[in-house]
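Chemist: Would you mind keeping the following structure in view while I ask a few things?
The values are calculated or read from the model by the stated rules, or taken from the named source; none is laboratory data. What you see is a predicted model, and the numbers here were worked out from it, not measured in a lab. So basically every Cβ, Gly included, is an ideal-geometry build from the backbone, and we count neighbours across all protein chains shown. To get the accessible areas, we keep the full protein, side chains included, count just its heavy atoms, and leave off ligands, DNA and RNA. Shrake-Rupley method; radii C 1.70, N 1.55, O 1.52, S 1.80 Å.
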Number of protein chains: 2
Amino acid sequence: MNAGRTARERARAELTEEIKAAARRQLATEGAESLSLRAISRELGMVSSALYRYFPSRDDLLTALIIDAYDALGMAAESAAAKDYEHPLQAWLAVCAALREWARTNPHEYALIYGSPISGYQAPQATVEPAARTPIVLLRIVSQAHAEGWLKLLDDAPEPTGKLPEQLDVIAEIAPGVPHRILLRVVIAWTQLFGMISFELFGQLVGTMDPADDFYDAATRQMAKFIGLS
Amino acid sequence: MNAGRTARERARAELTEEIKAAARRQLATEGAESLSLRAISRELGMVSSALYRYFPSRDDLLTALIIDAYDALGMAAESAAAKDYEHPLQAWLAVCAALREWARTNPHEYALIYGSPISGYQAPQATVEPAARTPIVLLRIVSQAHAEGWLKLLDDAPEPTGKLPEQLDVIAEIAPGVPHRILLRVVIAWTQLFGMISFELFGQLVGTMDPADDFYDAATRQMAKFIGLS
DNA sequence: TCCTTGTCAAGAGCACTGCTCTCGATTTTA
DNA sequence: TAAAATCGAGAGCAGTGCTCTTGACAAGGA
């Protein structure tokens, strides 16, 4: 990490990390929107203007935090998928559980990436790749399950039409060989998954399915079956 | 509306509406978080402090806007469901389309109610009832379809266990007689629906399923089939 | 009709925010 | 060693939510 380079560059890298750490700390207690550069600089014992040498604007700091959050979530999914499972269904369920677990542990960071976009904030291209890590994990499970002959749809899923075939072709690059009918259902399951997590975290389930443990378990199982993982 | 009452009270009611209208206007262009009381008062030609006579705090204004947004969305769903359909599936699809339509037309108001909760803002009890309008519409369609014998699950959906039975009992009050297995799937479809809308609006689909028209249509159809509306 | 009471907009002011610019001091590079 | 790049500190600007006081006005009872 600190390979060679001048003392200045090492100090800069360290301080950059310290700023992000303080920002994350503040993010956890307050909210995403009330993240204050001045409060961070105060916590770090420096003057607010000095902070702009490391992050040109508040949005740049947010972008860094967003990328870190995507990476952390992707990492959680990947390490859950890395274990050995007898059946791909177990891998699917484990990843789903890990995603929810991470979201519940870091609600504000989850809201940062899957909540409403920050006002006047445009997500830069750099966030696209880390954002793709999580859905890629899900797709790989399905892809591998398909290759090993585990997938079996129990109803006659219709063949996608319209713009869907070419859109699914893009996704098929990650999961080669998987039929479009199944890929479409994976995307549906993906939206269901994060819709469910968001609803739980954002309080939409209060009064009905909250606490959502059993609901989450049942839903992930049924959606796994929905895509052919029985 | 303006029944009787003194001139003062009528003026107050009018100004309250004007403030909300200006806030909505500002909400549409800017974002939810950058909603400024001072900007509103400037637009209305009054001094900022005067605004506090109508809304004690920014949160109170937000609460009013949230309730209005829930009501507008609920209204969109209800009027879509009010038409005559030959088959409940058509009603389901119409309501789903109306929800997406409203969300795409009023993205910031949608984000206000289904996005990340405002930092330090606690949704008051008054928002619960208007928030329930939309899911109730969906449940009524399923309930009526069940009563008329339209519902038919094509796979062997498992019977809900754990805390689910008593949680689904609460929902069953709106859709009496509908089996728990189906109710659970309606909730799953509900989370899928709003997960999909949020993903489209918040830019999570860019690069893959965007534009999402065909995906939305296919997903709503498959989820309708998932709950037994064939 | 007068007059008290309650309501109202206005203005000043506080503490906070993101951000910019300048100024010396320090470090790196040539 | 000298030039160039980088750094933290400080002042300052324009904006924010919110509070408090002041004086004007309308409503309703005597």
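Chemist: Any idea what the alpha-carbon Rg over 2.2 N^0.38 Å comes to for chain B?
Modeler: Compactness ratio reported: 1.18.
Chemist: Post the alpha-carbon centroid distance, the range B:79-100 to the range A:153-195, in whole angstrom.
Modeler: When both Cα centres are located, 25 Å separates them.
Chemist: Right, next: Need one value for B:129-139: mean number of C-beta atoms belonging to other chains within 10 Å of its residues' C-beta atoms.
Modeler: 1
Chemist: Still on this structure: Modelled label-to-label distance, residue B:6 and residue B:71, 7 Å Cα→beta-carbon offset: nm?
Modeler: My value for the distance between the label points is 2.5 nm.
Chemist: Say R0 is 30 Å: what FRET efficiency, to the nearest 0.05, do residue A:169 and residue A:101 get from their beta-carbon distance? Intermediate results must be reported in sequence, preceding the final value.
Modeler: On the way: r = 33 Å, r/R0 = 1.10.
The pair residue A:169/residue A:101 has a calculated efficiency of 0.35.
Chemist: Determine the shielding of peptide A:152-165 by partner chains: average, over its residues, the number of Cβ atoms on other chains within 10 angstrom of each Cβ.
Modeler: 3
Chemist: Indicate the residues belonging to the range A:16-38 that lose 30 Å² or more of solvent-accessible heavy-atom surface (probe 1.4 Å) upon moving from the chain alone to the assembly of all protein chains, ignoring ligands and nucleic acids.
Modeler: Buried by the other chains: A:33.
Chemist: From the phi angles alone, apply the Karplus equation (6.51, -1.76, 1.60; θ = phi - 60°) to the range B:88-99 and give each ³J(HN,Hα) in whole Hz, x where the residue is Gly or Pro.
Modeler: x, 4, 5, 5, 4, 5, 5, 5, 4, 5, 5, 4
Chemist: What FRET efficiency, computed as 1/(1 + (r/R0)^6) with R0 = 25 Å and r the Cβ-Cβ distance, is obtained for residue B:36 and residue A:60, rounded to the nearest 0.05?
Modeler: The computed FRET efficiency comes out at 0.60.
Chemist: Using a simple spin-label model with points 7 Å from Cα along the Cα→Cβ vector, what separation in nm is obtained for residue A:29 and residue B:129?
Modeler: Calculated label separation equals 3.9 nm.
Chemist: Here's a follow-up. Under a 1.4 Å probe, what is the accessible area of the range B:1-56 per residue, stated in Å²?
Modeler: I get 67 Å² per residue for the range B:1-56.
Chemist: Additional query: What total accessible area, in Å², is buried where chains A and B meet, using a 1.4 Å probe and rounding to the nearest 100? It would help to have the intermediate numbers written out before the result.
Modeler: Numbers: alone 12970 and 12960 Å², together 21800 Å².
Approximately 4100 Å², summed over both chains.
Chemist: Please list, in order along the range B:48-63, the HN-Hα scalar couplings obtained from phi with the Karplus expression 6.51 cos²θ - 1.76 cosθ + 1.60 (θ = phi - 60°), rounded to whole Hz, x for Gly and Pro.
Modeler: These are the phi-based 3J(HN,Hα) values: 4, 5, 5, 5, 6, 6, 9, 10, x, 7, 4, 4, 5, 4, 4, 4 Hz.
Chemist: Right, another one. Run the reach check for residue A:163 against lysines, Cα to Cα strictly under 22 Å, same-chain hits fewer than 8 apart removed. What comes back?
Modeler: Candidates past the 8-residue exclusion: B:225.
Chemist: Still on this model: In the range A:1-56, carbon and sulfur make up what percent of the accessible area (probe 1.4 Å)?
Modeler: Carbon and sulfur atoms account for 50 percent of the accessible area of the range A:1-56.
Chemist: Could you provide, to the nearest whole Å², the per residue accessible area of the range B:71-226 with probe 1.4 Å?
Modeler: Details: 6640 Å² over 156 residues.
Ligands and nucleic acids excluded, the figure is 43 Å² per residue.
Chemist: What are the distances, in nm and sorted shortest first, from the label point of residue A:97 to the label points of the same position in each other copy, with each label point placed 7 Å from Cα along the Cα-to-Cβ direction?
Modeler: Going from nearest to farthest copy, the values are 4.2 nm.
Chemist: Mind ordering B:87-98, B:16-27, A:185-196 by average Cβ neighbours within 10 Å, highest first?
Modeler: A:185-196, B:87-98, B:16-27
Chemist: At 222 nm, what helix-only mean residue ellipticity would the protein assembly as shown give, in deg cm²/dmol to the nearest 500, using -39500 (n - 2.57) for each DSSP H run of four or more?
Modeler: The per-residue figure over the protein assembly as shown is -21000 deg cm²/dmol.
Chemist: With label points built 7 Å along Cα→Cβ from the Cα atoms of residue A:83 and residue B:161, find their separation and express it in nm.
Modeler: So the two model labels end up 1.9 nm from each other.
Chemist: Further question: Would you mind putting A:46-54, B:61-69 in packing order, based on average other-beta-carbon counts within 10 Å, highest first?
Modeler: The packing order, highest mean first, is B:61-69, A:46-54.
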